[in-house]
Every structure is written in structure tokens, then in C-alpha cells.
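A.B. asks: Structure provided below as C-alpha cells; questions to follow.
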Amino acid sequence: MSRPDYVAEPGWNLAGERRDAVTFDVRLSKECLRPALGGVRQELWLRGALARSAQSIGAAERAVELTIDYTSQRKQFGRTLSTFQIVQQAVAAQASGLAAARVAVDVAMRTAADHGFAAPATTLAVAVAKSRTAAIGSAVARSAHQLHGAIGFTMEHQLRLSTTRLWSWRAEYGSQAHWDSVVADIAVDAGQRTCGLR
């Protein structure tokens with residue numbers, strides 16, 4: 001069989017991570033084709049979403065760490081930023097939202113390990129995890145940059161390494177809106193079955 005023709009278009013996400021688009025032009029004989037096992041595409045999608053959720057937790061934790069360090073050292077009006085109530089509230093909101101998202105990811109991992117990726121419970125757990133990490137990732141990134149001021153956006157600053165990944169990963173393997181829709185569909189379906197409408 002001859003080597004397939006392909007076109008590779010270089011691409012990057014906001015964090016500078018490679019996201020090349022590769023298109024293959026290949027002709028296969030019928031003897032080479034085999035049907036994919038049922039649910040393989042869905043499992044790969046769920047695995048990707050769960051992986052991005054776990055990675056987002058790590059990136060958000062780092063952004064919160066950097067924010068706490070910065071606000072504990074930076075002084076304004078003769079006091080460190082961390083002594084201002086509004087700063088304390090912002091950091092507390094980051095940490096509490098992150099804790100809730102971390103629980104959602106832990107539940108999704110345990111559910112996948114216990115029931116496999118074909119189980120409806122895993123689909124729901126991954127959907128909740130991806131939705132929550134996308135939401136908290138956006139909130140943490142926004143708040144962290146507000147508390148750092150312009151310095152957090154510079155190429156030399158570590159905060160950018162976390163926040164640009166949070167912004168990029170929230171859309172990979174389904175956006176927050178996509179996963180919110182999945183959760184809503186599962187809830188409506190369960191409600192209809194419970195009420196005898198299906």
C-alpha cells in the first residue's frame with residue numbers, strides 16, 4: 001500500500017501548545033476496513049474531557065498559589081494587598097470554587113474507574129467535572145490577573161503559563177456550554193423516566 005498524502009497545518013493554542021491540524025487523503029480497500037468497536041469515539045471524547053479537567057485543576061491551583069504569594073508580598077497604601085478585605089474575598093472565592101471543581105474531578109475519576117467509560121454515570125460525572133473546571137478556570141484566571149495587575153500578562157511571568165492553559169483547555173474536548181447541555185439532557189431524561197413520561 002502506498003503512503004497516504006497528508007497536509008499538516010501548524011497551529012497553537014493560547015498557551016503556545018501545538019495544535020496542528022492534519023488532514024489525510026487516503027484510499028483504502030474494503031479488506032483494510034474494520035468497523036470501530038461500539039462506543040470507542042465516545043470513550044475517547046470522555047477520556048479527553050476528563051484529562052483536560054484534571055489538568056485544569058492543576059493549572060488553577062498554581063494560579064491561586066501565585067496569587068496568594070503575590071498579594072502577600074505586594075504593598076499598596078502601606079499594607080500588603082492580602083490585608084484588604086476585597087482581596088481576601090477574591091482569593092477565598094478562587095479557593096472555594098477550585099475545591100468544588102476538584103471534588104467533581106475526583107468523583108468523575110472514581111466513577112470511570114468503578115464503572116468504565118461506557119456507563120451513563122461516567123458520562124454524567126465527566127460532564128459535571130468538565131463544566132465545573134471550565135467555569136472555575138475562567139473565574140480563577142480573571143481574578144488572578146486582576147489581583148496581579150498588568151504584570152501577570154507579561155511573557156516572563158509564571159501566571160501566564162497557568163492562565164493561558166486554563167483559557168485554552170476550557171474549550172478542548174467540549175466547551176462548558178456543551179457539557180452543561182449534556183448535564184441538562186441527562187437530568188431531563190431522568191426526570192421524565194421518574195415521572196413515567198418515558
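The values are calculated or read from the model by the stated rules, or taken from the named source; none is laboratory data. As the structure is a computational prediction, the values presented were derived from the model and not from experiment. FYI the Cβ positions are ideal-geometry reconstructions off the backbone, even for glycines, and counts take in every protein chain you see. Ligands, DNA and RNA are stripped out before the accessible areas are found, and what is left, the full protein with its side chains, is counted by its heavy atoms. Shrake-Rupley method; radii C 1.70, N 1.55, O 1.52, S 1.80 Å.
A.B. asks: If I go through the stretch 55-73 residue by residue, how many of them are under 22 Å from the mean Cα position of the chain (by Cα) and among the hydroxyl-bearing types (Ser, Thr, Tyr)?
C.D. replies: 2
A.B. asks: Within the stretch 144-175, how many residues are surrounded by fewer than 18 Cβ atoms within 10 Å (Cβ to Cβ) and over 30 Å from Gln76 (Cβ atoms)?
C.D. replies: Number of matching residues: 2.
A.B. asks: So, one more: Against the definition (touching a residue at least 60 places away in the same chain (Cβ under 8 Å), touching a Ser or Thr at 6+ places or on another chain (Cβ under 7 Å) and open to solvent by 60 Å² or more (accessible area, probe 1.4 Å)), how does Leu14 come out, yes or no?
C.D. replies: Spelling it out, Leu14 is indeed touching a residue at least 60 places away in the same chain (Cβ under 8 Å), touching a Ser or Thr at 6+ places or on another chain (Cβ under 7 Å) and open to solvent by 60 Å² or more (accessible area, probe 1.4 Å).
A.B. asks: Right, next: Which pairs have Cβ atoms under 8 Å, sit 6 or more apart or on different chains, and link a residue in the stretch 81-103 that is assigned to a helix (DSSP H, G or I) to one that is loosely packed, with under 14 Cβ neighbours inside 10 Å?
C.D. replies: Listed by first residue and then by second, the contacts come to Leu81/Ser72; Leu81/Lys75; Ser82/Ser72; Ser82/Gln88; Ala90/Gln146.
A.B. asks: If you check Glu9, Glu43, which single one turns out to be open to solvent by 80 Å² or more (accessible area, probe 1.4 Å) and not hydrophobic (A, V, I, L, M, F, W, C)? Please lay out each step first, then the result.
C.D. replies: Values: Glu43 fails: open to solvent by 80 Å² or more (accessible area, probe 1.4 Å).
Just one listed residue meets the conditions, Glu9.
A.B. asks: Let me confirm something: among Ala129, Ala121, which residue is touching a helix residue (DSSP H, G or I) at 6+ places or on another chain (Cβ under 6 Å), touching a residue at least 24 places away in the same chain (Cβ under 8 Å) and either surrounded by fewer than 17 Cβ atoms within 10 Å (Cβ to Cβ) or aliphatic (A, V, I, L, M) (or both)?
C.D. replies: That would be Ala129, the only listed residue that is touching a helix residue (DSSP H, G or I) at 6+ places or on another chain (Cβ under 6 Å), touching a residue at least 24 places away in the same chain (Cβ under 8 Å) and either surrounded by fewer than 17 Cβ atoms within 10 Å (Cβ to Cβ) or aliphatic (A, V, I, L, M) (or both).
A.B. asks: Just checking, does the stretch 20-31 include any residue being under 19 Å from the mean Cα position of the chain (by Cα), open to solvent by 90 Å² or more (accessible area, probe 1.4 Å) and under 30 Å from Ser175 (Cα atoms)?
C.D. replies: Within the stretch 20-31, not a single residue is under 19 Å from the mean Cα position of the chain (by Cα), open to solvent by 90 Å² or more (accessible area, probe 1.4 Å) and under 30 Å from Ser175 (Cα atoms).
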